[in-house]
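Report on one structure; see the data block that follows.
The values are calculated or read from the model by the stated rules, or taken from the named source; none is laboratory data. The structure displayed is predicted, hence computed values, not measured ones. Virtual Cβ from ideal backbone geometry, glycine too; neighbours counted across all protein chains shown. Areas reflect the complete protein model, heavy atoms only, side chains present, ligands, DNA and RNA absent. Shrake-Rupley method; radii C 1.70, N 1.55, O 1.52, S 1.80 Å.
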2 protein chains.
Amino acid sequence: MSNPFFAKLEHAAAGDSVALAAALDALAFDDHGLIPAIAQQHDTGEIVMFAWMNRAALDETLATGRVCYFSRARGKLWRKGEESGNAQRLRELRIDCDGDVLLLSVEQTGPACHTGHHGCFYLRVDGDRLTVVDAPERDPNDMYPSRA
Amino acid sequence: MSNPFFAKLEHAAAGDSVALAAALDALAFDDHGLIPAIAQQHDTGEIVMFAWMNRAALDETLATGRVCYFSRARGKLWRKGEESGNAQRLRELRIDCDGDVLLLSVEQTGPACHTGHHGCFYLRVDGDRLTVVDAPERDPNDMYPSRA
């Protein structure tokens, strides 16, 4: 998994920087051209969702400040909130040590989850049970009228 | 991507629960038998790392309370901290809406990143630059004596 571009940055001093364009070209997209993207609400620290980006989704996100993923189910760019209105504004983007994961600090409008839950991680392990932590805050039928 | 087991939980009330064993059997591991796992420090909310688990790693993590991943590079179970001492204790495990991502709330001992950085996401996009946000807090050569 070693990535020469990112390995060179392992011992860099705090505050050192490199050209973003070169770093983006060195990102380790997987065999499907995708990279994992974790979305964290900027002020509460909640992980609101996890999805995937291809290079085009990442470029668009950086260019517009509005988060765009790649939908594996639909096989195309997925401008978060394009139908539901539940958009994400990018506050900060980070890249991990190996250049193969993205961490997005976002400002989420409405629920992040397609189920209407505020975030996607509403199922918690409690001993030998899996508990639903909270209920949807919005009706998915209102979020996706074309699918209702 | 729809997963019938998890789809049934989308409209459940807060506090409802199901048997964990059935939920684990319904998890959507990928073609390599892996599922993404996000590790978040329980008190600060920092995302300290991102890795993968197979079913055996997940079962061991739940049984022992000590986080175990699957190393794709080494092709085997990876008991976090087994060599470096930088272990992770599991505080809480969550599963996402589709049953295909895990979120671990952890208590991290020492740096989480193999580079010696506290967390893996120390590279931040600043305009057209990628900036190193902080320096390693531990020397990797001391963390992995067998590789030095």
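Points to keep in mind about this one:
- Value at 222 nm in deg cm²/dmol, rounded to 500, when DSSP H runs of n ≥ 4 in chain B each add -39,500 (n - 2.57): -4000 deg cm²/dmol
- Once A binds B, the 1.4 Å probe can no longer reach about 4800 Å² of accessible area, counting both sides.
- Accessible area expressed per residue, segment B:33-148, with surrounding protein chains retained (probe 1.4 Å, Å²): 39
- Computed log₁₀ I(q)/I(0) - Debye formula, equal Cα scatterers, no solvent, chain A, q 0.12 Å⁻¹: -0.57
- Label point of B:Tyr144 (7 Å along Cα→beta-carbon): distances to the other copies' equivalent points are 4.1 nm, sorted ascending.
- Here the simple spin-label model places points 7 Å from the Cα toward Cβ, and for B:Lys8 and A:Glu137 these points are separated by 2.8 nm.
- Every pair of different Cα atoms in segment B:37-124 enters the Kirkwood calculation, which places the hydrodynamic radius at 13.0 Å.
- Protein accessible area in segment A:15-63, 1.4 Å probe - carbon and sulfur %: 49
- Identity and axial distance of the chain B residue whose Cβ lies nearest the axis relating B to A, Å: B:Gly45, 1
- Approximating the spin labels as points 7 Å out from Cα along Cα→Cβ, the B:Glu107-to-B:Tyr144 distance works out to 2.7 nm.
- For trypsin sites (Lys or Arg not before Pro), the sites in segment A:1-89 that DSSP calls loop and that have at most 11 other Cβ atoms within 10 Å are A:Lys8, A:Arg74.
- For B:Arg91, the label point sits 7 Å beyond Cα toward Cβ; its separations from the matching points on the remaining copies run 1.9 nm, from shortest to longest.
- Residue-averaged beta-carbon neighbours from other chains (10 angstrom radius) around A:32-39: 2
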